[in-house]
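The values are calculated or read from the model by the stated rules, or taken from the named source; none is laboratory data. Just so we're clear, the structure is a prediction, and the values are computed from it rather than from any experiment. Cβ coordinates were reconstructed from backbone atoms using ideal geometry, including for glycine residues, and neighbour counts include every protein chain displayed. We work out accessible area using only protein heavy atoms, side chains counted, and drop any ligands, DNA or RNA first. Shrake-Rupley method; radii C 1.70, N 1.55, O 1.52, S 1.80 Å.
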Amino acid sequence: MPSADLQTSRAPLQRTAPRRAKSQQRVAELLAAARAVFSEHGFQRATTAQIAEKAGVSEATVFTYFAGKRELCIQVITDWYDEISRDLEAEVPRLQGVRAKLAYVIRQHLVTLLADGSGMCALVLGEARATAPELAEVITDCKRRYTAPLMEALAQARDEGRIRQDMPLRLMRDLVYGSMEHVLWDSITAQRRPSIDETAEQLTTLVWSAVAPAPVGAPSSTSDRTGASGTAIPSSIAAEPAAHAAQAHAQFRDEVAAAMARLDQRLARF
């Protein structure tokens with residue numbers, strides 16, 4: 001039979017576990033409430049009083065677990081990125097073929113942007129350009145993890161010659177995610193949501209046409225080509241498509257800048 005001393009020593013452990021579990025549950029409730037409030041009001045307009053009311057606790061309880069609104073926001077953003085990153089980390093490696101992986105990433109990202117987390121996306125877009133360095137650094141690290149599954153797939157495909165080898169991976173990344181953020185900005189500013197399936201299919205086709213390798217036997221963009229008359233076309237002229245692509249990319253960036261300006265106006269009221 002256990003001694004009285006042993007029974008006494010066990011008692012605090014039996015009381016501590018429920019207390020710890022209750023604290024974890026309270027933190028989870030506060031974070032869920034904070035995500036809802038930040039998604040609806042944005043960081044600047046959200047208050048800890050609103051978060052406390054949403055969670056059904058006093059405002060003092062919020063400060064028992066979190067130092068303030070900024071810490072809450074950082075945790076909310078980190079947890080959200082963790083959720084959406086885990087899905088990509090689990091599913092993308094299972095898919096066969098880089099185009100299938102590209103299509104999956106594009107569709108899932110559009111679902112995240114336009115359906116599941118539009119409020120969170122608006123929050124991240126706004127806070128990513130905030131002056132607080134600690135928050136900007138957190139968002140940068142989260143984005144790096146979030147884009148890693150696609151970047152790894154593209155890097156492997158490029159090494160195997162399955163996609164273009166003359167295009168930097170970072171440019172491929174910007175082509176994929178930049179185009180989708182442009183869709184989000186238009187959706188926010190115009191207050192209308194496009195068809196996710198149709199947009200995903202169109203973007204996949206567009207991106208794939210840009211990154212797919214040239215057909216076997218096609219002229220190299222870095223060497224002279226031959227015209228219909230058999231006359232060699234200097235590489236400087238043959239490079240015109242690349243120059244046109246650069247011009248189109250610059251135009252796209254201008255359009256993005258204009259969309260960001262419209263988004264700033266909306267986020268000011270968010």
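Can you find even one residue in the range 47-65 that is closer than 30 Å to ILE163 by Cβ, of a type in the set (Gly, Ala, Ser) and open to solvent by 40 Å² or more (accessible area, probe 1.4 Å)? Among the residues of the range 47-65, not one is closer than 30 Å to ILE163 by Cβ, of a type in the set (Gly, Ala, Ser) and open to solvent by 40 Å² or more (accessible area, probe 1.4 Å), which makes the answer no. When ALA67, ALA36 are checked against the criterion of being among the small types (Gly, Ala, Ser), on the phi < 0 side of the Ramachandran plot and not in a loop (DSSP other than H, G, I, E, B), ALA36 stands alone in meeting it. Right, VAL183: open to solvent by less than 90 Å² (accessible area, probe 1.4 Å) and more than 15 Å from the chain's Cα centre (by Cα) or not? Answer is no for this residue. VAL138 meets all of the listed conditions (1) surrounded by fewer than 20 Cβ atoms within 10 Å (Cβ to Cβ); (2) in a helix (DSSP H, G or I); (3) free of Cβ contacts under 8 Å to residues at least 40 places away in the same chain; (4) not acidic (Asp, Glu) but one, namely (3).
Please work out if GLN75 is of a type outside the set (Gly, Ala, Ser) and closer than 15 Å to ALA148 by Cβ. So GLN75 does not fit the description; no.
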